[in-house]
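Quick note: the coordinates plus some simple rules give every number you see, no bench work behind them. On a predicted model such as this, the values are computed, not experimentally measured, just so you know. Don't worry about glycine lacking a Cβ; one is built from the backbone with ideal geometry, like all the others, and counts go over all protein chains shown.
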């Protein structure tokens, strides 16, 4: 029980730190960011004075003491008021994010699950059959795991998109189809998502395989695996209930860490494919110095990753009976 | 001796590293049905390797390079243990020969209950028992070794060291094997618990009539409880015989050396638990 | 090297259990496998290039009129859209990438040692605090944070970028170091030193740090690898060091000039390939360090060799 409490406290704390960091960062920017933004946007379209005021609030250039500003900020968070985007003025930031989020969820969700499951099974199997030819795959996968996501994306786009023209190169769906829950649209979304997903899976699966293999090798040397064999148990049971069941444990936490890597990877991958997800929007925001949007995106991404980690930790507490009594 | 239960003949085990090491050299041992054969020797002398060879648990780079191991079934037929493979080997394991490992801290699967680990044995040996029957049988086994059957739902880390070792012994008895190999079953436990476990083993042996290959570095313990004792040094069996004969007329230098190394209370018969006692002329044990 | 039966039979052999001191360090190199040497050789090659790049590729940004040419005798890697020689660009970019890798890697290790080793060694509240801080940093996603902080900082010097990368990446290494320090700290020879009234500093330097060396080296390699990839990512997104002298920035320009759609593969393949090769080399080095510290992985090599002897394994 203490284990769960500790985890809840930790994640609340981390969440609070992320939120506060988000609050402090724009106030640490040198110079007058409001001016910078206004200068940029004046070129696009003139901004009404209310916008200027909103920006000033955002950047803490009101004359309220900082604690009051913080309080307003927190209030704004809870009511879902994250400010107004500069790039897409006057759309509120929340709208932009809620449009981009589903795409990223689809992409990341799919890629993470695939690379995790494939990596785990393949790695465990290689570890189980240690000493066989499969072990020589390991140096190759070391090479593969060092390949930068975006370069891999570029290569794949070149081969499959430009040369063979099997897959579309940009976008999340066919622009001529109206978005909605039609079969046509969903089909198009999946089609456009295949190549980006494949990139992410290819880049991250190798590190999963390596980690799973190493874990399996360590577990197999344990006494209880030897005992299981001595008991004359079926090989499948020894592999499953005795070896895998224990080797899996660190993988649950590894899942959370690998999620972090995949979030990183998706930012760049979306950029290469101009895939309309959260990462792509982040890059756009950065290019346009759209601080409100940037901040909100960072917050969303961080909270999502924190949430996933939290779930992973809770699951770990459930599957490893030792944690529940140990703490 | 009547027909031996287990006959190890000229067994040689090698670790096939770049510089091959012979862990067991040309060892021959006969164990009669129902007897306790003690195997003594210092760490690294090869006795554990021998134990693993008998139960066919050796993994590369270890390999059996010579000799044979024969096991006599109740119906009189003989099994070539080294020739078993696959399904036959699986069936043979635990049914005919079971094992109690050193330090049961790690020998139990940490993420599964005691009940499921005992039930696994029945399931995979096609005992044809229903779930309820398996649970009942598991409870019986635990009671036999003096553990509350409610502990079936416990996880290994919730049990003390002594309890874990008893669970191991209970599991070893599950299929009523005729030989149990015990590799340092009491070394990791304190002296009092050690005494209890030994008594338990003796009692069970009287009730279920199994033979024991008892491996330990504690020669004193073996002299007390074994029917016959063997001494190993650097892979070779340098001497074997009854405890009386070994004490009265040791043939090999090493045996004499081992016997001399015990501190004792009275100076004649060595006994267990004397490690922590100072010997006569004030020198430390 | 023959293994003692104890070592093979005893699964509880602890990783960094050898006697601290010089003997182990040299033994490490003597018994190193092909992986280590290959990895080191490749890294050394690139470091040399990074050092001499200003000499052999003095003007990588020199434009010419022959734009977007595929590889030819004059330009081994072809040219960019404004006629720059890609080979020269890649050579020039080596410096930026390698320097960032080394500097950020070193900073990462220093930071993680501070929190990981320092916290674990001092124990108590210090340990709790540093552990908490590193866990928080670990859980906050790296690249988004990196992007945001870089944008806010607005300075684009190599040093600043390296510092920012280090700030984002130290947490993982700190956790590993902390775990290892805790395990070393609880070992008998440290207690012995304490009983002998050795000062805290001496214990740290003479007993604990030598045993942490392999892990620290491994974390440095990880850190360098991560930094090179992070810098490449940043540059690719246009947030890298000003002056664009790294492999990532070459890719940035390539992407901007629509190199893929124009089919100019010679522009973006070489820089990425360099990153991958250096990354793989670092990975190999880490792998061989890993094999050293984790004896079970070592045993695998022995098993493979013995299987090749053709003996029937007893199953």
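Report the Cα centroid-to-centroid distance between region C:205-241 and region C:140-186 in angstrom, as an integer.
9 Å
Report the full-extension gain for the segment residue A:20 to residue A:253: residue separation times 0.36 nm, less the Cα-Cα distance, to one decimal in nm.
81.3 nm
Measuring from label point to label point, each 7 Å out along Cα→Cβ, what is the residue C:199 to residue C:128 span in nm?
A separation of 3.0 nm, rounded to one decimal place.
When the expected Rg is taken as 2.2 N^0.38 Å, what fraction or multiple of it is the alpha-carbon Rg of region A:214-270?
That ratio works out to 1.58.
Quick check: pseudo-label points 7 Å beyond the Cα along Cα→Cβ at residue A:12 and residue C:66, how many nm apart are they?
Taking the simple label geometry, residue A:12 and residue C:66 are separated by 6.9 nm.
If you take the square roots of the eigenvalues of the alpha-carbon gyration tensor of chain B and sort them as a ≥ b ≥ c, do you get rounded (a/c under 1.5), prolate (a/b over b/c) or oblate?
oblate
Classify region B:211-250 from the C-alpha gyration tensor, please: rounded if a/c falls under 1.5, else prolate or oblate depending on whether a/b exceeds b/c. Before the final figure, lay out each step's value.
On the way: a/c = 1.58, a/b = 1.07, b/c = 1.48.
Oblate.
Using helices alone, I'd like the mean residue ellipticity at 222 nm for chain B: each DSSP H run of four-plus residues gives -39500 (n - 2.57), total over residue count, nearest 500.
Here the helix-only value at 222 nm equals -9500 deg cm²/dmol.
Just report the Cα centroid separation between region B:145-218 and region C:74-101, whole Å.
Going from one Cα centre to the other spans 71 Å.
Pop the C-beta distance of residue C:76 and residue A:94 into the FRET formula with R0 = 45 Å and round what comes out to the nearest 0.05. Don't skip to the end; give the middle numbers.
Working: r = 52 Å, r/R0 = 1.15.
With R0 = 45 Å, the Cβ-Cβ based efficiency is 0.30.
Using label points projected 7 Å from each Cα along Cα→Cβ, tell me how many nm separate residue C:33 and residue A:186, to one decimal.
4.8 nm
What FRET efficiency, computed as 1/(1 + (r/R0)^6) with R0 = 35 Å and r the Cβ-Cβ distance, is obtained for residue B:131 and residue A:311, rounded to the nearest 0.05?
So the FRET efficiency works out to roughly 0.60.
Which order, highest average first, do C:225-235, B:150-160 follow once you tally other Cβ atoms within 10 Å for each residue and take the mean per peptide?
Working: C:225-235: 27.1, B:150-160: 15.6.
The densest-packed peptide leads the list: C:225-235, B:150-160.
When a/c reaches 1.5 or more, the comparison of a/b and b/c decides; with that in mind, is region A:101-317 rounded, prolate or oblate per its Cα gyration tensor?
prolate
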